[in-house]
1. If you go through the range 66-75 one residue at a time, do you hit one that is open to solvent by less than 80 Å² (accessible area, probe 1.4 Å) and within 22 Å of residue 30 (Cβ to Cβ)?
2. Return the only residue of 115, 96 being under 30 Å from residue 27 (Cβ atoms) and open to solvent by 60 Å² or more (accessible area, probe 1.4 Å).
3. Kindly indicate the residue of the range 27-60 that is among the hydrophobic types (A, V, I, L, M, F, W, C) and under 16 Å from residue 114 (Cβ atoms) and also surrounded by the most Cβ atoms within 10 Å (Cβ to Cβ) among those meeting that condition.
4. Just give me the residues in the range 87-110 being within 11 Å of the chain's Cα centre (by Cα) and farther than 14 Å from residue 45 by Cβ, in sequence order.
5. Go through the range 118-128 and report how many residues are surrounded by 15 or more Cβ atoms within 10 Å (Cβ to Cβ) and acidic (Asp, Glu).
6. Residue 105 - would you say it is under 24 Å from residue 127 (Cα atoms) and open to solvent by less than 80 Å² (accessible area, probe 1.4 Å)?
7. Against the conditions (1) surrounded by fewer than 19 Cβ atoms within 10 Å (Cβ to Cβ); (2) in a loop (DSSP other than H, G, I, E, B); (3) hydrophobic (A, V, I, L, M, F, W, C), where does residue 83 fall short? Just the number, please.
Amino acid sequence: MKNGFTLIELIIVLAIMTILGAIAVPNFLNTSSKARLKADIQSARIIENAKALYESETGIILNDTATEIINKLAESGYLKKKFLPQVDKAVWILEDQIIKINISGCDEAIKNLYDNLSDDEKLYVKKS
């Protein structure tokens, strides 16, 4: 009797690994997209807090574009770095005097994540 695996056993193992991979990869991609969106929401909160602090200390209301505001806050020391959106095709915007992440140009997977956000998180996200 020879030692080793039969062709049938190898095919079964390969099929099981393929099925597990088909389940795991989409879940991983969804999780990483959700994490990037949550990171952008937290960044928007940090930027908004820095903006409010800047405005209260200087008396100057920032009405520039979101990118210009972020650059000004970083240059003046209110932010330690210039935040870039983590979600692909997302951009920073200023809407109703609040810095938000605009996901209108993102793929449907990101837009679908919006529906699962809390109301507090939706304050910092513009879907359309």
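The values are calculated or read from the model by the stated rules, or taken from the named source; none is laboratory data. Keep in mind that this is a model prediction, so the values were computed, not measured. Please note: Cβ atoms are built from the backbone with ideal geometry, for glycine as well, and neighbour counts cover all protein chains shown. The protein model used for the area step is the full one, side chains on, heavy atoms only, and it has no ligands, DNA or RNA in it. Shrake-Rupley method; radii C 1.70, N 1.55, O 1.52, S 1.80 Å.
1. No, the range 66-75 contains no residue that is open to solvent by less than 80 Å² (accessible area, probe 1.4 Å) and within 22 Å of residue 30 (Cβ to Cβ).
2. It is 115.
3. It comes out as 37.
4. Answer for the range 87-110, where residues must be within 11 Å of the chain's Cα centre (by Cα) and farther than 14 Å from residue 45 by Cβ: 87, 88, 89, 90, 91, 102, 103, 106, 110.
5. Qualifying residue count, the range 118-128: 1.
6. Criteria met by residue 105.
7. Among (1) surrounded by fewer than 19 Cβ atoms within 10 Å (Cβ to Cβ); (2) in a loop (DSSP other than H, G, I, E, B); (3) hydrophobic (A, V, I, L, M, F, W, C), residue 83 violates only (1).
Quick grid of which residues meet (1) without any contact (Cβ under 8 Å) to a residue 40 or more places away in the chain; (2) part of a helix (DSSP H, G or I):
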| site | (1), (2) |
| --- | --- |
| 64 | yes, no |
| 99 | no, no |
| 117 | no, no |
| 120 | yes, yes |
